[in-house]
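Here's the structure, in structure tokens; my notes come after.
Please treat every number below as a calculation from the coordinates, not as lab data. Being a predicted model, the structure only gives us computed values, none of them experimental. Cβ coordinates were reconstructed from backbone atoms using ideal geometry, including for glycine residues, and neighbour counts include every protein chain displayed.
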Amino acid sequence: MVEFALPRRDAANPDYCTGVDEWHDAIALAWAQAIASVPGARRVALLVWGDPALYDSTLRIAARLQPPPGVRVIPGITAVQALCAAHAIPLNEIGAPFTVTTGRRLREDGFPPGTDTCIVMLDGETSFRSLDPAGLEIWWGAYLGMEAELTECGPLAEAGPRILAARAAAREQHGWIMDIYLLRRRAR
């Protein structure tokens, strides 16, 4: 087992994509240094929290290593699946699409057009606060699948403040938080 310090993204960089690209370069360098610290290492395994195909850059970062490694992905349960299971709800309405987006996109663009269901990931700023809560329901979960799992749901106007309080307390208690939520427009 090799531990290494994970570089942090420069959130002050005004060019989001360039900032992420530079951050990925730094992570790839950290991985390369960690691998090099174990002479003769032939296999490397990374335990990735979440789904490496969905809002995770593990595969993109691995592709930056030289020489490029052979990669085998063993799938697990996505946070989207864990959220729906925790709340015992279907992901989509019958015959209806859903959108998966980030907190940043929700803040900048609002509720996605053409859908009544939106799953929001990577949202350290609780971007649901930027929406008019009228007619919206939320299903939120943190530490999904873990002993510390937290869930909250209801009309956004009512559940939003409870989520903010639970999220702040959990971050204080654990020192970190990983959460996701589903927003759905109520049937008209």
Determine, for Met1, Met121, Met178, Met146, the number of other Cβ atoms within 10 Å of each Cβ, and report the residues in order from fewest to most. Met1, Met146, Met178, Met121
As a footprinting exposure proxy, order Phe98, Phe4 by other Cβ within 10 Å, with the fewest listed first. Phe4, Phe98
For every helix of n ≥ 4 consecutive DSSP H residues, a contribution of -39,500 (n - 2.57) applies; sum these over the chain, divide by its total residues, and give [θ] at 222 nm rounded to the nearest 500 deg cm²/dmol. -10000 deg cm²/dmol
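Express the Stokes-Einstein translational diffusion coefficient of region 1-76 in µm² s⁻¹, to the nearest whole number, given a Kirkwood radius over alpha-carbon pairs, 25 °C and a viscosity of 0.890 mPa s. Intermediate values should be presented prior to the final figure.
Working: Rh = 13.6 Å.
Translational diffusion coefficient: 180 µm²/s.
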Place a +1 charge on the Cβ of each Lys and Arg in region 47-188 and a -1 charge on the Cβ of each Asp and Glu, then give the dipole magnitude about the Cα centre in debye, rounded to the nearest 20. 320
Value of D in µm² per second that Stokes-Einstein yields for region 59-157, Kirkwood Rh from Cα pairs, at 25 °C (0.890 mPa s): 157
Whole-Hz Karplus couplings 3J(HN,Hα) for region 118-123, θ = phi - 60° and coefficients 6.51, -1.76, 1.60, Gly and Pro as x, run 9, 9, 10, 10, 6, 10
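Summing Lys, Arg as +1 and Asp, Glu as -1, what charge do residues with Cβ under 14 Å from the Cβ of Ser130 carry, Ser130 excluded? Spell out each step's value before the answer.
Values: positive: Arg104, Arg105, Arg107, Arg129; negative: Glu108, Asp109, Asp123, Glu125, Asp132.
Residues close to Ser130 contribute a combined charge of -1.
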Looking at the chain as a GNM with Cα springs under 10 Å, which of Ser57, Ser37, Ser130 has the largest mean-square fluctuation? Ser37
Would you look at the GNM of the chain, springs on alpha carbons closer than 10 Å, and say which of Ala169, Ala41, Ala148 moves the most? Ala41
Using Cα pairs closer than 8 Å and at least 6 residues apart in sequence, work out the relative contact order for the chain, in percent. 16
Along the charge dipole of the chain, pointing to its positive end and built from +1/-1 on Cβ of Lys, Arg, Asp and Glu, which listed residue (Val100, Gly76, Ser57) has its Cα farthest out? Gly76
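Nothing charged except the Cβ atoms of Lys and Arg (+1) and of Asp and Glu (-1): what's the magnitude of the dipole of region 1-76 about its Cα centre? Round to the nearest 20 debye. Write out the running numbers ahead of the final one.
Values: 7 positive and 8 negative charges, 82 e Å.
Computed charge dipole of region 1-76: roughly 400 debye.
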Taking the Cβ of Leu150 as the centre, find all other residues whose Cβ is under 10 Å away and add up their charges (Lys, Arg: +1; Asp, Glu: -1). -2
Please list, in order along region 125-134, the HN-Hα scalar couplings obtained from phi with the Karplus expression 6.51 cos²θ - 1.76 cosθ + 1.60 (θ = phi - 60°), rounded to whole Hz, x for Gly and Pro. 10, 6, 5, 4, 5, 7, 9, 5, x, 4
Quick one: Leu122, Leu83, fewest Cβ neighbours within 10 Å first, how do they rank? Leu122, Leu83
Please name whichever of Leu131, Val38, Cys153 sits farthest to the positive end of the charge dipole of the chain, dipole taken about the Cα centre and charges placed at Cβ: Lys and Arg +1, Asp and Glu -1. Val38
Just to be sure I understand: with springs between alpha-carbon atoms less than 10 Å apart, which residue in Asp25, Asp56, Asp116 has the highest mean-square fluctuation in the Gaussian network model of the chain? Asp25
